[in-house]
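Trainee: My questions all concern the structure below.
Throughout, read-outs are computed from the coordinates displayed, never taken from laboratory work. From a predicted model like this one, the values you see are computed outputs, not experimental measurements. Quick reminder, even Gly has a Cβ in these numbers, built from the backbone with ideal geometry, and neighbours come from all protein chains shown.
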Amino acid sequence: MGVVARHELLASRRNRAPQLLVGMFVGMVAVSSFIGWLTQTTVSGIYGQVLADGLTTQPNPFVDVVPLFFARNTVIYVVMIGTLMAAALGVQSALRDRKATVADLVLTRPVPVRALLAGRMIGLGALLAVVIAVSSVISWVSISVITGSALGVDGSLRLAAFGLLTWLLLLGFAALGVLGGLYVTRETSALLAPFVTWAVIAFVLPQLGTAARPVSLLNPVASVPQTSGVFHAVSYVTVPLSITEHFKTTSSAILEGSSGGFPLASLAAVAAFTAVLVVAVVVTSPSRLSGEAGE
Amino acid sequence: MTSFAISTHGLTHRYGTKVALKPLNLDVATGEIFGLLGHNGAGKTTTVSLLTTLLRPTGGTATVAGHDIVADARGARSKIGYLPENVQFYDDLTLAENLRFFAKLSGIPKPDARIAEVLGFLDFEGHDHERVGAFSKGMRQRVGIAQAILHRPPVLFLDEPTSGLDPEGVRTLRQSVVRLNAEWGTTIFMNTHLLAEVTRTCTSIGIVRQGELVHHDSLAATLGEYPTEQALESAYFDTAGSAA
């Protein structure tokens, strides 16, 4: 497994996938921090003006904002861009062997196929871990610069926990990409299949869940809890599968705290999603790695 | 008593309802260079894919270097080297990086000395740090041989090894095959549709037609029966049938 994992890292590095991912994540973190800083500056400026004009006696809304508020936009970028990139990385990894006849060479070596596939997932996991670690450091520095003081122990631990959660989600999407690369014959379809699944998870299922609670669209009117009927039935199916929504809920609790307790069910949903997909990769039949070699 | 490097009994493979290989009974003695001749689609690659454990037989049994290809597939894999037709590698990696990966998969923990030895054997030194993506077809084929023999397998399978090579590449590959057999004692199973390739390299010959082995004898006996090139060619076409 270690041989395959190290090979995965080397091969990915050579086609510049990690460099692209690091660049993208650093960009996302920087944009998130910039938007946070701009929001703070703008709101504080307006607040100062309003206060000077004697139009308010309320405190500055940014006084009590936790430092990790400035990382909140990263959550959306991870869902919108990071997951797609992870899926593309997975597809690329699976197709690398299939596009050439390398799979046939690998499969005639005395190594169990499951060890090969597990090694591939470990390699992808390590690659994503490096990317997320680098972007977490950049995020820590950015937040410290914006707030004017180094992020404390609690904030640093929360940022690390968010990085871990992000790694878990992205590993799931990387596994989804690997499955696309293994099970779909054509390269374009292999890319398309995980992207369609991503779109369903990120958009369609949450939309169905929202549509199933139409009152929730009429902010600030709180949605009425439903315990029966069509809306309830649709929610019952779609909510557990809305993995990106669970990621957002868990991220929010990690970064900014949660008044209603930590959303363990959401964390479990993300973990289960990744576990199922990684296991699905590892138990893939050898014939999917190369296709049957007919004449 | 003759020991067989490869032995099959009723080895069969079907793709759905299509029979790709009819029950094959074949023994290849240790130290032979066996050439399996046949037109495209005759069942040569299917045979090699079965013997290299890439395909699972739908019937019959086979052993390679004494290991059953189904019951002890890992044991069989540890004793074989394989060069597929049109072999490709990780183009972004260097020759040394590619070979190091395959060596480690073959259980060679510190492969650099072995890689140097094999590249020396193949007269292919000085390219270690070049990316394989820039290699010519002939160079790739030599890399293919190198990865196949890194672990000094007793049995080597070559699928159409001279396909697409220029005359110089064909000659180099032929010399490598003969030297491997003579100096390392490697048993070689070679698929080809080129009659001249078999007569210049092999010690025994088989002809497969529409999934069925229709001729198997030593090269000497075959040439005794058909002493001229024309007679042998006529016999081959009579036996192998017309190309599809």
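Trainee: Determine Rg/Rh for region A:59-116; Rg is computed over alpha-carbon atoms and Rh is the Kirkwood hydrodynamic estimate from the same atoms.
Mentor: Numbers: Rg = 21.7 Å, Rh = 15.4 Å.
Over the Cα atoms of region A:59-116, Rg/Rh equals 1.41.
Trainee: Sticking with this one: Relative contact order for chain B: what is it in percent, counting Cα pairs under 8 Å that are at least 6 residues apart?
Mentor: Values: 457 pairs, mean separation 64.5, N = 244.
This gives 26 percent for chain B.
Trainee: Using per-residue counts of other Cβ atoms within 10 Å, averaged over each peptide, order A:266-277, B:112-123 from highest down.
Mentor: Numbers: A:266-277: 18.5, B:112-123: 15.7.
In decreasing order of mean packing, A:266-277, B:112-123 become A:266-277, B:112-123.
Trainee: Any chance you could get the radius of gyration and Dmax over the Cα atoms of the protein assembly as shown, in Å?
Mentor: Cα-based Rg and Dmax for the protein assembly as shown come out at 30.7, 114 Å.
Trainee: Among B:Val143, B:Val70, B:Val198, which one moves the most in a GNM of chain B with springs linking Cα atoms closer than 10 Å?
Mentor: Of B:Val143, B:Val70, B:Val198, the Gaussian network model singles out B:Val70 as fluctuating most.
Trainee: Mind checking which aspartates and glutamates have their C-alpha under 13 Å from B:Lys22, skipping anything on the same chain fewer than 8 residues away?
Mentor: Of all the aspartates and glutamates, those that pass the test against B:Lys22 - Cα under 13 Å, at least 8 places apart if same chain - are B:Glu212.
Trainee: Would you mind giving the three semi-axes, in whole Å and largest first, of the ellipsoid equivalent to chain A according to its Cα gyration tensor?
Mentor: Result for chain A: semi-axes of 40, 25, 15 Å.
Trainee: Right, next: Hey, can you grab everything whose amide H is under 5 Å from the amide H of B:Arg14? Only 5+ residues off in sequence or another chain; H modelled, so Pro and N-termini drop out.
Mentor: Sorted by chain and number, the residues that satisfy this are B:Ala20, B:Thr58.
Trainee: Okay, moving on. Inside 10 Å of the C-beta atoms of B:99-106, what's the mean count of C-beta atoms belonging to other chains? Before the final figure, lay out each step's value.
Mentor: Working: counts 0, 4, 10, 7, 2, 7, 12, 4.
Rounded to a whole number, the mean comes out at 6.
Trainee: Send over the Kirkwood Rh of chain B, from the inverse of the averaged 1/r over different Cα pairs, rounded to one decimal Å.
Mentor: Here the Kirkwood hydrodynamic radius works out to 18.4 Å.
Trainee: Okay, next question. For chain A, return all DSSP H helices satisfying: extent of Cα atoms along own axis at least 30 Å; mean Kyte-Doolittle hydropathy at least 1.0.
Mentor: Details: long enough: A:17-52 (52 Å, 1.21); A:113-147 (50 Å, 1.89); A:153-183 (45 Å, 1.58).
The qualifying helices are A:17-52, A:113-147, A:153-183.
Trainee: Additional query: Can you tell me the length gained on complete extension of the stretch B:Val214 to B:Asn86, counting 0.36 nm per residue apart and subtracting the Cα distance? All intermediate terms of the calculation are to be shown ahead of the outcome.
Mentor: On the way: separation 128, 0.36 × 128 = 46.08 nm, distance 2.68 nm.
Taking 0.36 nm per residue and subtracting the Cα distance, the gain is 43.4 nm.
Trainee: Can you compute log10 of I(q)/I(0) for region A:33-177 with the Debye formula, treating each Cα as one identical point scatterer, at q = 0.12, 0.19 Å⁻¹?
Mentor: After summing over all Cα pairs, the log10 values are -0.65, -1.09.
Trainee: Still on this structure: Taking neighbour counts of Cβ atoms within 10 Å as a proxy for exposure, in what order, fewest first, do B:His151, B:His13 appear?
Mentor: So the residues, fewest neighbours to most, are B:His151, B:His13.
Trainee: Also, quick follow-up: Could you pull out every residue, at least 5 positions away or on a different chain, whose amide H is within less than 5 Å of the one on B:Leu165? Hs are placed 1.01 Å off N in the peptide plane, and Pro or chain starts have none.
Mentor: Those qualifying (amide H under 5 Å, at least 5 residues apart or on another chain) number zero.
Trainee: Sorted from fewest to most neighbouring beta carbons within 10 Å, what does the list B:Thr228, B:Thr222, B:Thr203 look like? Walk me through the numbers before you get to the answer.
Mentor: Numbers: B:Thr228 9, B:Thr222 21, B:Thr203 17.
Fewest-to-most Cβ neighbours within 10 Å comes out as B:Thr228, B:Thr203, B:Thr222.
Trainee: For chain A, what relative contact order do you get, as a whole percent, if you take Cα pairs closer than 8 Å and at least 6 residues apart?
Mentor: Values: 333 pairs, mean separation 75.3, N = 295.
Relative CO of chain A lands at 26 percent.
Trainee: Loop by DSSP (not H, G, I, E, B), at most 12 other beta-carbon atoms within 10 Å: where is the longest site-free stretch of chain A for trypsin sites (Lys or Arg not before Pro)?
Mentor: Longest stretch, sites excluded: A:17-185.
Trainee: Let me ask something additional. Running a GNM on chain B with Cα contacts under 10 Å, which residue among B:Ser234, B:Ser163, B:Ser176 ends up with the highest mean-square fluctuation?
Mentor: B:Ser234
Trainee: Return the single residue from B:Gln230, B:Gln147, B:Gln175 with maximal mean-square fluctuation; model: Gaussian network over chain B, springs between Cα atoms under 10 Å.
Mentor: Among B:Gln230, B:Gln147, B:Gln175, the largest mean-square fluctuation in the Gaussian network model of chain B belongs to B:Gln230.
Trainee: So for chain A, taking the charge dipole from beta-carbon charges (+1 Lys/Arg, -1 Asp/Glu), which of A:Leu124, A:Gly48, A:Gly27 sits furthest toward the positive end?
Mentor: In chain A, that residue is A:Leu124.
Trainee: Obtain the nm distance between the two label points defined at A:Ala133 and B:Ala71 by a simple spin-label model: each point lies 7 Å from its Cα along the Cα-to-C-beta direction.
Mentor: Modelled inter-label distance: 4.8 nm.
Trainee: Hey, another quick one. What lysines sit close enough to A:Lys99 to cross-link, taking a C-alpha to C-alpha distance under 23 Å and skipping anything fewer than 8 places away on the same chain?
Mentor: Filter leaves B:Lys44, B:Lys104, B:Lys137.
Trainee: Further question: How big is the dipole moment of the protein assembly as shown about its Cα centre under a simple scheme where the beta carbon of each Lys and Arg is +1, that of each Asp and Glu is -1, and everything else is neutral? Debye, nearest 20, please.
Mentor: Charge dipole of the protein assembly as shown: 920 debye, to the nearest 20.
Trainee: Here's another thing I want to ask about it. Taking the number of other C-beta atoms within 10 Å as the exposure measure, put A:Trp37, B:Trp184 in order starting with the fewest. Intermediate results must be reported in sequence, preceding the final value.
Mentor: Values: A:Trp37 16, B:Trp184 13.
Least to most surrounded, the residues fall as B:Trp184, A:Trp37.
Trainee: Additional query: Which residue, B:Ala231, B:Leu194, B:His215, has the largest displacement toward the positive end of the dipole of region B:171-244 when charges sit on each Cβ (Lys, Arg +1; Asp, Glu -1)?
Mentor: Of B:Ala231, B:Leu194, B:His215, it is B:Leu194.
Trainee: Divide, for region B:45-135, the radius of gyration over alpha carbons by 2.2 N^0.38 Å, where N is the residue count.
Mentor: Details: Rg = 15.6 Å, N = 91, 2.2 N^0.38 = 12.2 Å.
Scaled against compact globular proteins, the figure is 1.28.
Trainee: Show the residues, 5+ positions off or on another chain, whose built amide H is closer than 5 Å to the amide H of B:His67.
Mentor: Amide H to amide H, under 5 Å and 5 or more residues apart or across chains, B:His67 pairs with nothing.
Trainee: Which whole-Hz couplings ³J(HN,Hα) result when phi for each residue of region A:56-73 is put into the Karplus expression 6.51 cos²θ - 1.76 cosθ + 1.60, θ = phi - 60°, listed in order with x for Gly and Pro?
Mentor: With the stated coefficients, region A:56-73 comes to 8, 10, 6, x, 4, x, 8, 4, 9, 6, 6, x, 6, 3, 6, 9, 4, 5 Hz.
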